Each structure stands twice: as structure tokens, then as C-alpha cells.
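Right, one structure below, let's go through it.
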Amino acid sequence: MPFETAAQAEDFIFSSYIAVESRLSGPDSQTRSPELTRQLLDSLGEPNNNFTSIVVAGSKGKGSIAFLTSKLLESFGYRVGLVTSPHLVDFRERIRYNGRAIPPDDFVRLVNRIEGPAREIIASLPGGRYLSPTGMILAVASLYFAEKGVEFAVVEAGRGGQYDDSVALDNPLVLFGPIMLEHTAQLGGTLAEIATTKAALIKRGGVGVSVPQMPEVQDVMIGWSFHVGGGLVLAGRDLHLINPRFVGDRLRVSVQARYNLFEDFTLGIPALYEAANLAVALAAFEIVRDEQELQMDEKLILQEALENLKFPGRMQTLAESPLTILDGAVARLSAKSVLDSLSQAGRLQRPLAAIVAVPADKDWKGVLWELSTVCDHLVLTGVKNPRLKFPGQEAIEFARSIFPEGAIIEEAANVAEARVRVANSAQPPRLILILGTQSLLADTLRDFNLNLEQI
């Protein structure tokens, strides 16, 4: 019986993985099977060959780079697909055409279309193997993009590269955010091993564009690109970010790419950490445009596209009074960048209240350290996602040991309760920061009744 609702379609996408999830352990090389995604795409007539794929990889910043790249391409009239993960409010946000989420009817229709071939693959698998949800999403996206006449699809990779489903795409271009020591049980125990699996997304004759990387990562990327006869554009060597700064509350950025100087571009996302991501996106755009020097009127088109951009969960202003900022900071450097951005923009105000949800396996201590010097009221909250574990009482005790005497430190079950606690504070805040995991961003956006159908 065909699926009738988006919820039924979503359940099917995760069904193969859920059936074996409890038995999965070990490195991605043993538990993941991207060749099955390739098999599924082939069985559907290779819809991914109807457009050019640009894959975005790294340890952080992938969503931002993918979003910025898609918007630069859209500004020149290209038909652009975007695949990102996870979603915030609605599952369909993972697949977008020119910024709009795939409509419910199209999503259900196309999941019905892949169901038969997907079930055939699943039925042939030995115990412990599964057809990846990400692979099925990629198949649905490819069909949808082919129908829409998409010219470029920007695809955010998962945690890895060599064993990620996006490796099934024939992508001539890969964009890299920072690569760090992460997911060591799945990707490898050293930085070089992790860099190797991510660099593998550069295909033979392809090109990679990267933010500044640690020397060990950079050496791996250079070696891999040479091995596959590809090219590599490295920030700091071939690509230069010039004096990112705030003019008033607007972020101003200049980027010297290989063929163009993008001078004094204003970015509507007021976050210093987005400057390096923008440099990569502009370099990618230059490559798409055949590495030619752009005319002044063409640069103006890009400037206008960037000036008013808003990206959910990236220094997003939710309210002006009191000023309420939402950001996905889950590490000390990220939290510092948020505070530095607010300070340079003249928006770091006191009293300051912070609602924080950083999982136990992330850098929650680092985030609290950064907040300790400026925060007057801290609320540590949970989220609706039952899979996430938080430090709880340990975080409360840690905060009390580093925050100044007189700071209010308390817990809440969810972001709605946390907002009530802040609203009833004896010291009404002038600035509220909501910082933490993607699930916190999702809960907050729902609490504010924000619609992300179009971004």
C-alpha cells in the first residue's frame, strides 16, 4: 500500500537503519555501505546525472558553507538544489529547491517511487547491513531535482567522507569546513585518519576548496588531491580573508580569491565565524563561473544576495526587546565567537541571560567558561529529543564553581520553561542568548512558531 503521509514516508526512510541499529558498532568502514546508495540511484535511472553536484564536508560549518554557496548560485539565476542534515522544524527541510523545502505531496510521491527498488536492496542484505536513511534521502532529492531541472545540487556530507553516502555522487567540486578530531570510533583515532576519509570526497580530476586547516590536515589534503590528479584551493595560500569586521551591527568582509577581489561585502548573518565560510563559498562560485574575472555589476548581484541573508540558528535574532539571539554553539571557540561578534557589533548587553543545552559528549564546560564572565542568569535546559544526554547536575555544580557570586543558575526541562524562568527573573535581561545543540534550535524555533519552508 502506498504511503499517504509524510510521516509514513519518513518512517520508511529510517526503517532499514532502525532494524539493525542496536547491533552497529565499530568504524564506518565496517558499518556503512555507500555502494548501496549508488545501487539505488542506478536502479532509479541515475537521476543524479541530470545536475552538477557540489559536496560540502568537514567537522563543522558544513551547513553554513552549503547554504551560502546555494544562495550565491541562486542569485545568478541558477536552479539550485540543497541537501542538508539534520532538519530543524520539518523533515522536508533536508531537501530544498531554490531555498524552498520539498512540498509534502512531492515528498510522499517520490518516497513511494523509491520504495520498490529500496525494498529489493534491503531484502538482499545480510544481517547487520542496512540501506542508509541518508542514501534514500539523496535518492529522493535526486529525483526531485531532476524534475525541477536543477543545474547545481549542493549536498552536505555526513560525519565522514569515504564511507558517506555522498561519495556515490560524481561531484567535481568539494568544499571543506574545518576538520578536527571527532567521532574517533567511527572515523579513526588520529587527525590524519579523519582528514583522509574526508579528503576522499575529492574525486579524480576534481577540485577541493578549504577553509584554513591544521598543518596535519593540510598535508593530507594536498597529498590526496595530488594522488587523484585534482586541484586544491586552500585559504591562507590561494584564498585570503581580509579584515572581517563589524560596521555598526553589520559584518563586513573582503575576500581575495584567485581571480577576483570581493571587496567590502556585507553579510546579513552577523557572525564572525561565517567569514571563513563565505570565503569558501565565493571561491566555489568563482570555480563554477569558469574561474573568470567577474564584472562589477556581477559582483553587485552577489553583494545584494548576501546583504540580507538570514540562516536559522546562526546568530539568528528572534526578538528585539529584549534582544534574543539563537546560535548552535556547542564548543568553547564557537561560544567565544558568538560573544566576540556581539561585542564588536555593540550588542553585548547586560544583564545577560543564557539558555544553554550542550550534550554531555560536547564541550559544555568550554561553553560555560566563556559565558561565566558575562552571564547574569544561566538556565541549563533539556530538549525534546530523547536520544541526547546532558550533564545535568554536574553542569550546575561546575557553573556555580566558575560563575561570580550573585549569578542565578538553575535548570529547566525544556526551552519553553527556560524562557518563562528568564522572563520572571528579578533582573530582567537586556540580552538573551539561546545556545546549544541542533535539537535546542529546533525546539526554540517551534516555540517561536517560526516557519522554515523558505530560507
Worksheet entry | Flag if LEU82 is in a strand (DSSP E or B), closer than 25 Å to ASN451 by Cα, hydrophobic (A, V, I, L, M, F, W, C) and in contact (Cβ under 8 Å) with a residue 40 or more places away in the chain | yes
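A quick yes/no check of all residues on (1) under 23 Å from the mean Cα position of the chain (by Cα); (2) polar (S, T, N, Q); (3) within 24 Å of GLY61 (Cα to Cα):
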{"site": "GLU394", "(1), (2), (3)": "no, no, no"}
{"site": "PHE403", "(1), (2), (3)": "no, no, no"}
{"site": "PRO428", "(1), (2), (3)": "no, no, no"}
{"site": "LEU431", "(1), (2), (3)": "no, no, no"}
{"site": "ALA442", "(1), (2), (3)": "yes, no, yes"}
{"site": "ASN449", "(1), (2), (3)": "yes, yes, no"}
Those residues of the range 442-455 that are part of a helix (DSSP H, G or I) and more than 19 Å from PRO391 (Cβ to Cβ) come to a total of 5
Per the filter on the range 65-79, residues in contact (Cβ under 8 Å) with a residue 24 or more places away in the chain and either among the small types (Gly, Ala, Ser) or closer than 13 Å to LEU452 by Cα (or both) are ALA66, SER70, SER75
Note on LEU175: of the conditions (1) in a helix (DSSP H, G or I); (2) touching a residue at least 12 places away in the same chain (Cβ under 8 Å), unmet is (1)
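What residue, among those in the range 281-327 that are part of a helix (DSSP H, G or I), among the small types (Gly, Ala, Ser) and under 18 Å from the mean Cα position of the chain (by Cα), is surrounded by the fewest Cβ atoms within 10 Å (Cβ to Cβ)?
Taking the range 281-327 and keeping what is part of a helix (DSSP H, G or I), we get 281-288, 296-307.
From what's left, among the small types (Gly, Ala, Ser): 281, 283-284, 305.
Subset that is under 18 Å from the mean Cα position of the chain (by Cα): 281, 284.
Numbers: ALA281: 28, ALA284: 26.
By that ranking, first place goes to ALA284.
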When the range 302-324 is checked residue by residue, the ones that are out of contact with any Lys or Arg (no Cβ under 8 Å at 6 or more places or on another chain) and either of a type in the set (A, V, I, L, M) or touching a residue at least 60 places away in the same chain (Cβ under 8 Å) (or both) are LEU302, GLU304, LYS310, PHE311, PRO312, GLY313, ARG314, MET315, LEU318, ALA319, THR324
Please verify whether the range 67-78 includes one or more residues that are assigned to a strand (DSSP E or B) and surrounded by fewer than 20 Cβ atoms within 10 Å (Cβ to Cβ).
no
Of (1) surrounded by fewer than 24 Cβ atoms within 10 Å (Cβ to Cβ); (2) under 21 Å from the mean Cα position of the chain (by Cα); (3) without any contact (Cβ under 8 Å) to a residue 40 or more places away in the chain, ILE202 fails just (1)
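To keep it simple, each residue is scored yes or no on (1) within 30 Å of ARG289 (Cα to Cα); (2) in contact with a Leu (Cβ under 9 Å, 6 or more places away or on another chain); (3) of a type in the set (A, V, I, L, M); (4) assigned to a strand (DSSP E or B).
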site: LEU88; (1), (2), (3), (4): no, yes, yes, no
site: VAL108; (1), (2), (3), (4): no, no, yes, no
site: GLU115; (1), (2), (3), (4): no, no, no, no
site: ILE137; (1), (2), (3), (4): yes, no, yes, no
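One line per residue, one yes/no per condition, for (1) part of a loop (DSSP other than H, G, I, E, B); (2) under 25 Å from MET296 (Cβ atoms); (3) touching a helix residue (DSSP H, G or I) at 6+ places or on another chain (Cβ under 9 Å):
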| site | (1), (2), (3) |
| --- | --- |
| THR197 | no, no, yes |
| VAL209 | no, yes, yes |
| VAL217 | no, no, yes |
| VAL220 | no, no, yes |
| ARG245 | no, yes, yes |
| ASP264 | no, yes, yes |
| PRO270 | yes, no, yes |
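Restricting to the range 151-162, name every residue that is modelled with pLDDT of 95 or more and either buried (at least 18 other Cβ atoms within 10 Å of the Cβ) or not in a loop (DSSP other than H, G, I, E, B) (or both).
Residues of the range 151-162 modelled with pLDDT of 95 or more: 151-157.
Hits for the range 151-162 are PHE152, ALA153, VAL154, VAL155, GLU156, ALA157.
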Matching residues in the range 65-87 (polar (S, T, N, Q) and out of contact with any strand residue (DSSP E or B) (no Cβ under 9 Å at 6 or more places or on another chain)) number 1
The condition of being farther than 19 Å from LEU68 by Cβ, in the same structural domain as LEU173 (by TED's automatic domain parsing), surrounded by fewer than 23 Cβ atoms within 10 Å (Cβ to Cβ) and among the aliphatic types (A, V, I, L, M) holds, among VAL247, VAL207, VAL217, only for VAL247
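Looking only at residues that are part of a strand (DSSP E or B) and aliphatic (A, V, I, L, M) in the range 44-58, which one is nearest to GLY160 (Cα to Cα)?
First pass over the range 44-58, keeping only residues part of a strand (DSSP E or B): 52-57.
If we keep only those that are aliphatic (A, V, I, L, M) as well, we get 54-57.
Numbers: ILE54: 16, VAL55: 12, VAL56: 11, ALA57: 8 Å.
Going through the qualifying residues, I end up with ALA57.
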**Message:** GLU35 - would you say it is assigned by TED's automatic domain parsing to the domain that holds PRO178, part of a helix (DSSP H, G or I), among the acidic types (Asp, Glu) and in contact with a strand residue (DSSP E or B) (Cβ under 8 Å, 6 or more places away or on another chain)?
**Reply:** no
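Going residue by residue through the range 411-427, is there one that turns out to be of a type in the set (Asp, Glu), in a helix (DSSP H, G or I) and closer than 15 Å to ALA319 by Cβ?
Looking only at the range 411-427, we keep the residues that are of a type in the set (Asp, Glu), and these are 411, 417.
Still in the list and also in a helix (DSSP H, G or I): 417.
Filter once more, so that each one left must be closer than 15 Å to ALA319 by Cβ: none.
There is no residue in the range 411-427 that is of a type in the set (Asp, Glu), in a helix (DSSP H, G or I) and closer than 15 Å to ALA319 by Cβ.
The values are calculated or read from the model by the stated rules, or taken from the named source; none is laboratory data. Small disclaimer: the values here were computed from a predicted structure and weren't measured. Ideal geometry is used to build each Cβ from the backbone, glycine not excepted, and the neighbour counts take in all protein chains shown.
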